[in-house]
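Data first, discussion second: the structure below is written as structure tokens.
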Amino acid sequence: MNLESEIWNLFRVLYSELGSQHWWPADSALEVIVGAVLTQNTAWTNVEKAIGELKRRRLLSRSRLLSLAPRELAPIIRSSGFHNLKARRLLALLSWIDARGGIRALRRVRTPALRRQLLDIPGIGPETADSILLYALDRPVFVIDAYTRRILARYGLVRGDETYDRLQVLFHSSLPRSARLFNEYHALLVRLAKTHCRAVPLCSGCPLA
DNA sequence: GCCCAGGTGTTTC
DNA sequence: GAAACACATGGG
């Protein structure tokens, strides 16, 4: 079986074993965007605490967040780590969205142009941009993260040291271009990585065994 | 106490 | 290009 077929087959196996994942864990597009920045190289449990703190203080809105200086926001999101850096990055991103006329306005921009613009914002790299495109804006863009890379390498489909773009092209050329599918597939990879097979090829009870 | 976690930017070779 | 480093907290 060729590589493209293996990629497609992996999705079918995961979906039939684990079912629909209903991702990203957030109540709004804004919350996805905030989470996408805060989760950079950080365990999600730490991000949850920070988002919970923002909600507790009723700060989870673009205007309320933008009323804060980085020095004020940083201590509130402290638990997500790199908080000084992330406070600046998040405010820069929200400020850009604000200047563009809000999240609704972004929905009218074509995906390739929007992706380029997001990548031009300091602190927004390919994974953060693609997470926003897929999970906040429903664009058919596959998100490559450490889990994706680890699982594919674990099953011998890639070496693991490929570039972000190369892995993304692999998914894009293997699958129908569907936001719903990309969402489900990436979520399944994360679910698998979080619950199975961290240290050994196939743990007992692994759905792929 | 040590290692890691859903990255990104900068510097250096 | 690739590799090394800074950025920081909380959980195992």
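Taken as a whole, the range A:80-98 holds at least one residue that is more than 14 Å from DNA strand C (Cβ to nearest atom), in the same structural domain as A:T45 (by TED's automatic domain parsing), over 22 Å from A:N41 (Cα atoms) and buried (at least 19 other Cβ atoms within 10 Å of the Cβ).
Taking the criterion of being within 16 Å of DNA strand B (Cβ to nearest atom) and loosely packed, with under 13 Cβ neighbours inside 10 Å, the residues of the range A:161-179 that qualify are A:D161, A:T163, A:D165, A:R166.
Restricted to the range A:3-30, and to residues there that are within 13 Å of the chain's Cα centre (by Cα) and outside any helix (DSSP H, G or I), the residue that is surrounded by the most Cβ atoms within 10 Å (Cβ to Cβ) is A:W24. Being assigned to a helix (DSSP H, G or I), more than 29 Å from A:L181 (Cα to Cα) and away from DNA strand B (no atom under 11 Å from the Cβ) is a description that applies to A:L73.
Pick from the range A:36-45 the residues that are in contact (Cβ under 8 Å) with a residue 24 or more places away in the chain and part of a loop (DSSP other than H, G, I, E, B): which of them is surrounded by the most Cβ atoms within 10 Å (Cβ to Cβ)? Don't jump to the end; show me each part of the working.
Our first condition is that a residue be in contact (Cβ under 8 Å) with a residue 24 or more places away in the chain; within the range A:36-45, this holds for A:36-42.
Narrowing the set further to residues that are part of a loop (DSSP other than H, G, I, E, B) leaves A:39-42.
Details: A:T39: 23, A:Q40: 19, A:N41: 8, A:T42: 16.
Checking each candidate, the answer is A:T39.
The condition of being assigned by TED's automatic domain parsing to the domain that holds A:L167, away from DNA strand B (no atom under 16 Å from the Cβ) and among the acidic types (D, E) holds for only one of A:E53, A:E17, that being A:E17. If only residues of the range A:54-63 that are away from DNA strand C (no atom under 16 Å from the Cβ) and in a helix (DSSP H, G or I) are counted, the one that is surrounded by the most Cβ atoms within 10 Å (Cβ to Cβ) is A:R62.
Consider A:L114 carefully, then state whether it is more than 16 Å from DNA strand B (Cβ to nearest atom) and at pLDDT 95 or above. If you could, list the steps in order and put the result at the bottom.
Working: more than 16 Å from DNA strand B (Cβ to nearest atom): no; at pLDDT 95 or above: yes.
Judged against the criteria, A:L114 is not a match.
Exactly one residue out of A:R88, A:R100 is more than 14 Å from DNA strand B (Cβ to nearest atom), charged (D, E, K, R) and under 29 Å from A:L54 (Cβ atoms): that is A:R100.
The one condition from (1) within 23 Å of A:W23 (Cα to Cα); (2) assigned to a helix (DSSP H, G or I); (3) over 13 Å from the mean Cα position of the chain (by Cα) that A:A113 does not meet is (1).
Out of A:I51, A:I33, I need the residue that is part of a helix (DSSP H, G or I) and more than 16 Å from DNA strand C (Cβ to nearest atom). Which one?
Working: A:I51 fails: more than 16 Å from DNA strand C (Cβ to nearest atom).
Being part of a helix (DSSP H, G or I) and more than 16 Å from DNA strand C (Cβ to nearest atom) holds for just one of A:I51, A:I33, which is A:I33.
The values are calculated or read from the model by the stated rules, or taken from the named source; none is laboratory data. These numbers were taken from a predicted model, which means no experiment stands behind them. Positions of Cβ are generated from backbone atoms using ideal geometry, with glycine treated the same way; all protein chains shown enter the neighbour counts.
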